[in-house]
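Nothing in this text is a laboratory measurement; each read-out follows from the coordinates by a stated rule. Here the structure is a predicted model, which is why all the values come from computation and not from measurement. Cβ atoms come from the backbone with ideal geometry, glycine included; neighbour counts cover every protein chain shown.
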Amino acid sequence: MKRLFNTTIFLSLMLFVFTSFEANAQCKGFAKKVCKAKLESFMHDGNYHAAILTEGEEAELYKTFYSGQEYRMAICGTDNLPPIEFKIMDANRNILYSNKDHDYSNTWDFSLESSQQLKLVITVTTFEQASEAPASGCVSIMFGFKID
């Protein structure tokens, strides 16, 4: 009986691990297929930042950007999600950009006068009309830079 119980727990854990891995793999595929195209003429930096988020959830990402370089940041979410808000903050928590002020635009082109690490705060907003189960889906953040 104990052996059957241990086998059942092991199989349940394996199913959970493989399901989580598959969801992340699908999210990375979404990033490659959908979000990378939003970089357009900017060269992708080679990193795929993607996660499954639920409406109302927030994620943070820190990234270093260098002076004299023109960048594009693109944020994409699956179609079932409400608008995705993102804010860019400097080390002093000054908001450099918020897409909420720009009709939830999903791209931002920028350059910096000095190299610095910026904090990106991504929030999946909520639908005005609540449903039984909150919407959940893939959210991807991509970065590109101009090549002269």
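For the reader, a short list of remarks on this structure follows.
- Gain on full extension, evaluated as 0.36 nm per residue between D101 and Q26 minus their Cα-Cα distance, stands at 23.9 nm.
- Sequence of M89, M43, M73 once ranked by neighbouring C-beta atoms within 10 Å, starting from the fewest: M43, M89, M73
- For E57, the residues whose modelled amide H falls within less than 5 Å of its own, excluding neighbours fewer than 5 places apart on the same chain, are V124.
- Under a model in which nothing but the beta-carbon of Lys, Arg (+1) and Asp, Glu (-1) is charged, the range 100-143 shows a dipole of about 180 debye around its Cα centre.
- Measuring between their Cα centroids, the range 35-88 and the range 102-116 lie 11 Å from each other.
- Against the rule of thumb 2.2 N^0.38 Å, how large the Cα Rg of the range 29-81 comes out: 1.27
- Potential extension, S111-E132 segment - 0.36 nm per residue separation minus Cα distance: 3.3 nm
- Using θ = phi - 60° and Karplus 6.51 cos²θ - 1.76 cosθ + 1.60, couplings along the range 67-81 (whole Hz; Gly, Pro as x): 5, x, 10, 9, 10, 10, 10, 10, 10, 9, x, 4, 4, 7, 8
- Sequence-distant aspartates and glutamates (8 or more away, or on other chains) whose Cα lies within less than 14 Å of K100: E85
- For the range 59-135, the spread of Cα positions along each principal axis, largest first, Å: 47, 21, 18
- Phi-derived couplings, Karplus 6.51 cos²θ - 1.76 cosθ + 1.60 at θ = phi - 60°, listed residue by residue for the range 86-100: 9, 10, 10, 10, 8, 4, 8, 6, 6, 7, 7, 7, 9, 6, 4 Hz, with x used for Gly and Pro.
- Near-label residues of the range 45-74 by backbone N, under 19 Å of a point 7 Å along Cα→Cβ of N80: 50-58
- For the range 39-80, the set of GluC sites (Glu not before Pro) satisfying both a DSSP loop assignment and a count of at most 13 other C-beta atoms within 10 Å is given as E40.
- Aspartates and glutamates whose Cα lies under 16 Å from that of K87, excluding same-chain neighbours fewer than 8 positions away: E57, E58, E60, D101, D103, D109
- Each label was represented as a point 7 Å from its Cα along the Cα-to-Cβ direction; for T125 and A37 these points are 2.4 nm apart.
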